[in-house]
Amino acid sequence: MSSTLQFDDEASRRIEAIYSTPDVVAQRNAVREALGVKPGERVLDIGSGPGFLSAELAASVAPNGMVIGTDVSESMLAIAAARLDSVSDVELRFEHADACSLPFTDASFDAVASTQVYEYLQDITGAISELARVLRPGGRALVLDTDWDSIVWHSTDPQRMRRILDAWREHLVDPHLPRSLIGLLEEAGLTVDLCQIVPILSVRSNHDTYSQGMAVLIADFVPGRQGLTQADAAVWKDDLNDLSDSCEYFFSLNRYLFRAVKR
């Protein structure tokens, strides 16, 4: 049993659907506003996933700018390729690359973003050092990750919910990464000038919410962990649907956004 989430074709398509929800669209808007890219700039999106953010950034750097999205999942890169026709007057491309070994020269980007990536990495220090290396002096970096202790998810069985969430945290290397990100960024030669919460809040469970999409991923991942079975996961999902039907559904999760400037 793998201890991490595998971004195969099926999981990648599910992530694409989750990233299409208004909850994650709002997150991308917050990222783009904080990063503040300008026409003509060169931008790197580390861990670009289905490519939505890269394409939106590309529209902001047109004309004559460039955006490169990188990912280690071939399935994600194939999905991201569908975004290539969505922009014009700008160079947009997607490349296979490890966040800890970026195939770019020093100081080659004006801005670098990495959202929901570093919490999966064993060598977080190496990854942030690579981000700093490819960023020009005075360039902006933006990192966004989740502290999974911030989650509030109502359930009629709080003990089962705790077991489900404890099992889900096993898919991450560091489920509490935001607590240490400021120090890691500063040590890499970056001065943090903005920290903010990017919340996700749902009071209904349906196909157009982040939490509903995550419930499907979680229910597939947790059986065999923390003593949970497929039946446990199914009952957990049914409980969430029942709470939504009775107007008792509540889901809240905080992402943490850090912007920094290279010294």
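Structure values in brief
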item: On Cα atoms only, tilt of 124-134 relative to the major axis of the chain in degrees; result: 30 degrees
item: Zone of ASP238's modelled label, taken as backbone nitrogen in region 160-183 under 17 Å from a point 7 Å along Cα→Cβ; result: 160-161
item: Å² of accessible area per residue within region 47-94, as computed with a 1.4 Å probe and no ligands counted; result: 38 Å²
item: Rounded to whole Hz, the Karplus (6.51, -1.76, 1.60) HN-Hα couplings of region 13-25, x for glycine and proline; result: 5, 5, 4, 4, 5, 4, 6, 8, 6, x, 4, 7, 4
item: Amide proton proximity set for VAL192, modelled H, under 5 Å, gap of 5+; result: VAL261
item: DSSP bridge pairs, the chain: antiparallel proportion in percent, nearest 5; result: 50 percent
item: Cα long-axis angle, helix 178-187 against the chain (0 to 90 degrees, to the nearest 10); result: 20 degrees
item: Whole-Å distance, taken between Cα centres, linking region 169-221 and region 102-133; result: 17 Å
item: Computed over region 124-241: relative contact order in percent, which uses C-alpha pairs under 8 Å that are six or more apart; result: 28 percent
item: Relative contact order (percent, whole number), the chain, Cα cutoff 8 Å, 6+ residue spacing; result: 21 percent
item: Computed [θ] at 222 nm, deg cm²/dmol, the chain (DSSP H ≥ 4; -39,500 (n - 2.57); rounded to nearest 500); result: -12000 deg cm²/dmol
item: Separation of the ASP89 and SER101 label points, Cα + 7 Å toward Cβ, nm; result: 4.0 nm
item: Apportionment of accessible area to carbon and sulfur, the chain, percent (1.4 Å); result: 50 percent
item: Kirkwood hydrodynamic radius over Cα pairs of the chain, then Stokes diffusion coefficient at 25 °C and 0.890 mPa s, in µm²/s; result: 129 µm²/s
item: Net length gained if the chain between CYS195 and ASP245 were fully extended (0.36 nm per residue, minus Cα distance); result: 14.4 nm
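The values are calculated or read from the model by the stated rules, or taken from the named source; none is laboratory data. Quick caveat, the model's predicted, so the values are computed rather than measured. Cβ sites come from the backbone with ideal geometry, for glycine too, and all protein chains shown count toward neighbours. Surface areas here come from the heavy atoms of the whole protein model, side chains and all, with no ligands, DNA or RNA. Shrake-Rupley method; radii C 1.70, N 1.55, O 1.52, S 1.80 Å.
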